[in-house]
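Written below as structure tokens is the structure these notes are about.
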Amino acid sequence: MHDSLRINRTGTSISFEIKVQPRSSRNAIAGSHDHMLKIKLTAAPVDGKANAALLSFLAKSLGISKSLFSIVRGETSSQKLIHIANCSPETERKLLELSEGSD
């Protein structure tokens, strides 16, 4: 099922759910599925490496600082709730655009 990414805005912050596929051949945003952003990462889910790679990849993809990101829920799961503090409307639009593409 392919559904658009669901973003929740609270003040200047946003949160959204993601589904991570670790140990992929490359880092990529693979569209959205069940209202979640699907992300492929080369990192293995060992010792927090995939979480660190995830936050770095998201920051680079959106062109914002990694320090604005946090994992609210799902540290040890493939499904995570991500929070971005001080998220501009432009960054939110870019996130939606990235979620509309597919791998």
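Just so it is clear, none of the values below were taken in a lab; they were calculated from the coordinates. This structure is a prediction, so every number in the text was calculated from the model and none was measured.
Sum -39500 (n - 2.57) across every DSSP H segment of at least 4 residues in the chain, then divide by the residue count to get the 222 nm mean residue ellipticity, nearest 500. Spell out each step's value before the answer.
On the way: 2 runs with 26 residues, N = 103.
Using -39500 (n - 2.57) per qualifying helix, the result is -8000 deg cm²/dmol.
Just the Cα atoms of the chain, one point each, no solvent: what log10 I(q)/I(0) does Debye give at q = 0.14, 0.19, 0.21 Å⁻¹?
-0.46, -0.89, -1.11
Show which aspartates and glutamates lie in cross-link reach of Lys19 when reach means a straight Cα distance below 16 angstrom and same-chain residues fewer than eight apart are skipped.
Asp3, Asp34, Glu75, Glu100, Asp103
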